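Bear in mind these aren't lab numbers, they're just calculated from the coordinates by the rules spelled out. What you see is a predicted model, and the numbers here were worked out from it, not measured in a lab. Heads up, the Cβs are rebuilt from the backbone with ideal geometry, glycines too, and the neighbour counts pull from every protein chain shown.
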Amino acid sequence: MRQLALNFQLNKNHVVLFIILNLLDLGLTLASISLGSTELNPILRLGSLPLLKAILSLSILLLLLRFSKGHLLKLLNIGLVVIVIYNIFALLSWLK
């Protein structure tokens, strides 16, 4: 448990950024869907989008921290930045 706490402290900024980026992704995705777009991730098309995204994101975060792989959050955050930017452009295209 101490290792988990230490690992969390070392990756605190990455954890916070991961949560913020996931919330941005969710918000932008919901906004796009309300305008007629669809979710591109086939796993998340199965059910309640906000709940599935939250469960999936939290599971990934906890598994990475539990198995001392918090350093991978940096790579995930880079991927999420790309996804958020894509979502912004997708949303803007629906607003035209």
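List of remarks:
- Among residues of region 42-82 being of a type in the set (S, T, N, Q) and in contact with a helix residue (DSSP H, G or I) (Cβ under 9 Å, 6 or more places away or on another chain), the one that is surrounded by the fewest Cβ atoms within 10 Å (Cβ to Cβ) is SER68.
- Matching residues in region 43-74 - criterion: being hydrophobic (A, V, I, L, M, F, W, C), assigned to a helix (DSSP H, G or I) and over 17 Å from LYS12 (Cβ atoms): LEU44, LEU46, LEU49, LEU51, LEU52, ALA54, ILE55, LEU56, LEU63
- Selection within region 47-94 - among the basic types (Lys, Arg) and more than 11 Å from the chain's Cα centre (by Cα): ARG66, LYS69, LYS74
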